[in-house]
Amino acid sequence: MSNRAVSRRWSLQPNPIVVKELRSRMRGGRAFILLTGFLLGLGLVGYALFLRATSGQAAGMPIFSAQIGQTLFAGLAFMLLFLVILIAPAVTVGAISSERERLTYEMLIATNLPSHRLLWGKLISALSYIALLLLAAIPLGSIVFLFGGITLRHVLQAAAIIVLSAITSAMLGIWASAMTGKTGRAAVVSYVIIGLVLGGFLAGAEIWTNRSTEPVPTGLLAPNPISALASSIGTLSGPSNGGMITTMRAFEAVPMAAGGGWWPGMNSFSGGLNFPGWQTFSIGIYPATDQFGPDGMPIIAEPRSVWRTTLIILIMTCLVFFWMALHAVKPRRRWWPTWGDLAMLSVTSLSLLGLGYWIGWWF
Amino acid sequence: MSELAIQTVDLLRRYGKYTAVNKLNLKITLGSIFGFLGPNGAGKTTTLRMLAGLLEPSSGQVFLHGQLIQKTSTAAAIVGYMPDFFGVYDDLRVWEYLDFYARCHGIEPAKRKSTVDGLLDLVDLSEKRNAFVQHLSRGMQQRLCLAHALVHDPKILLLDEPASGLDPQARVELRELLRTLRDMGKTIILSSHILNELEDICTDFGIMARGELLAQGSLETLRQRSRPALQIKVLDDLDRAMRLIAAQSGVLRVLEPAEATPMLIEVEFDGDEQQASQLLLNLARAELPIADFHREDDSLERLFLQLVNNHGLEERV
């Protein structure tokens, strides 16, 4: 039977790598201990956020249920973002290198399994575990809806940013694993890159803000999932006149003075989003204007919406990592371009251009 | 070419300036058990990896059953490969291990169970079906690894040092298993440094040293290439003994003693028994202290050493 026929025959079957990884990963207590720790940590963070959001109540300050909901939502979303970005590479840095280290790699590539099925299998099995963590967190996260203050749009935006960040982070681990061939080295490379992206761009935005009155360039915000999530959460509506919760969309709103504005980060009435780090995460998201409100405070412009650009950057990064890893795992002629590469490049470029024109994000 | 299971044409592999395999022209017939012999660094593993499609040759060609190998997948369909060093996946049961490789080879679900059961039976691991692979003994893991190479019923088996690390009992079992596979019509290529193990089981041999194929063929063919030899051990006066031996009739060449056996002289000798007797008598008359004097046997080990040593001498010259 020809290779093509063999490939066609099993292409309809479940990916062998996924079957094997799921069989072995879920054995023993390790996976369940991590899941329990993850949920306990998230629960404790949620409770701490709740206590913090309601701390002013004892001093007689009015607290709106929506404020608690928004604080919980934002805090848990950032917590989830950090956790998946940090956990995903831990699951994938050994994807290829551990096969080399435990001397199973040659036996694996000497089978009929194509390189892309091998990589997909590794990615899907890692992501299925991350998905398990995220799905297990849903009941905890849904507590937010008891308090209100958030919209479905914000939930979906945050979910898109978190899920794509997890996929990119997992793909980064697989890329480092395939390129370095050593799990320890792959872990160092992955976490250094993550540190540089998350911390480096925030530091860059901070330095820019301190040294220039111009808005922080999109190039310093869009590559960072933290800024992307902050730009999405930053459009949450806060309490307005009479303490009513507005449902006004951010882009339809008239910029307000910082003293009486409704942007969550700047809302003096509620004290803003009341969790540690928000001011740092939202650097560059709220550009100051040169106008002043009736109360003499500078008017804050509407939040920068960078999350859509971030999603495109994450997708592109994933594709580049996947392409490089795909070639790195090949036993022969690793870096020879193939027709598949050309097809992938063409389809990706056309899709992105089409998307860009259709939505008008770039033009 | 169709009569050949494997043919290589000027196969060459370089690592930088180092040539691991040099213009290898190998011909292995269908259904044979081919023993690949050579000292460490001879290029056996590199050759096997190129045959398995896992390593790109620097130049030259590999034909498996007449098919030119240009992609790993082409070789994977024809070849079952067992590396010299291999690992196992933890937390997988024995049947799951074979099931995984069956899936990787695209075996249909309906056939997978019977394939796994058949292989477990073949390698005598049916009783360990539900054991975790990391808990198997070394010999059992070796047999399991051999089973993994058979999962897609390949026509050619490439086994790199399959007997290394096995106890004598496990070696006997492996030898029996290889005979069974030969009876099933497989062409088997195995490399080993345990020469007497190969002598019993292989139908053909290839001897490699420093990346070159020194000789190839059946044991009889190789014996014809070898020269008979005498081994003479003296206790003292080595130089005088070597000069005297070199002057005797029937002596073709006197080899320098190896470092490990500094007083043992190997003599290439094509004389008859009368001449051998005269040689011994002359040594005795010269009052040289002879501790041992014997004709060498025709074992594979001696053939191997002779070819490899001669190759080393030729290179130095």
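The values are calculated or read from the model by the stated rules, or taken from the named source; none is laboratory data. Computed from a prediction, not measured in an experiment: that's the story for all the values here. Quick reminder, even Gly has a Cβ in these numbers, built from the backbone with ideal geometry, and neighbours come from all protein chains shown.
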* Out of the residues in the stretch B:56-87 that are at the interface with chain A (Cβ under 7 Å from one of its Cβ atoms) and hydrophobic (A, V, I, L, M, F, W, C), state the one that is farthest from residue B:105 (Cα to Cα). => B:85
* Do any helices (runs of 4 or more DSSP H) lying entirely in the stretch A:37-136 carry at least 2 residues that are within 30 Å of residue B:154 (Cβ to Cβ) and within 14 Å of another protein chain (Cβ to nearest Cβ), and which ones are they? -> A:97-101, A:105-109
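Residue-wise test of (1) part of a helix (DSSP H, G or I); (2) touching a Lys or Arg at 6+ places or on another chain (Cβ under 6 Å).
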{"residue": "B:14", "(1), (2)": "no, no"}
{"residue": "B:22", "(1), (2)": "no, no"}
{"residue": "B:40", "(1), (2)": "no, no"}
{"residue": "B:55", "(1), (2)": "no, yes"}
{"residue": "B:86", "(1), (2)": "no, no"}
{"residue": "B:91", "(1), (2)": "no, yes"}
{"residue": "B:103", "(1), (2)": "yes, no"}
* What are the residue pairs meeting all of these: first residue in the stretch A:273-285, first residue under 15 Å from residue A:50 (Cα atoms), second residue hydroxyl-bearing (Ser, Thr, Tyr) and at pLDDT 80 or above, Cβ atoms under 6 Å, and 6 or more apart or on different chains? -> A:273/A:71; A:274/A:71; A:275/A:71
* For residue A:354: the one exception among (1) without any contact (Cβ under 8 Å) to a residue 24 or more places away in the chain; (2) surrounded by 13 or more Cβ atoms within 10 Å (Cβ to Cβ) -> (2)
* **Looking only at the stretch B:91-126, and only at residues there that are within 7 Å of chain A (Cβ to nearest Cβ) and touching a strand residue (DSSP E or B) at 6+ places or on another chain (Cβ under 8 Å), the one that is modelled with the lowest pLDDT** => B:91
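Let's see how each residue does on (1) modelled with pLDDT of 90 or more; (2) of a type in the set (Gly, Ala, Ser):
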| residue | (1), (2) |
| --- | --- |
| B:37 | no, no |
| B:40 | no, no |
| B:43 | yes, yes |
| B:50 | yes, no |
| B:58 | yes, yes |
| B:65 | yes, no |
| B:70 | no, no |
| B:73 | no, yes |
| B:77 | no, yes |
* Leading residue by the ranking (surrounded by the most Cβ atoms within 10 Å (Cβ to Cβ)) among those in the stretch B:214-236 that are under 16 Å from residue B:271 (Cα atoms) and either aliphatic (A, V, I, L, M) or at pLDDT 80 or above (or both) -> B:232
* Go through the stretch B:190-286 and tell me which strands (runs of 3 or more DSSP E), entirely inside it, have 1 or more residues that are closer than 30 Å to residue B:14 by Cβ and in contact with a strand residue (DSSP E or B) (Cβ under 6 Å, 6 or more places away or on another chain). => B:204-209, B:212-217
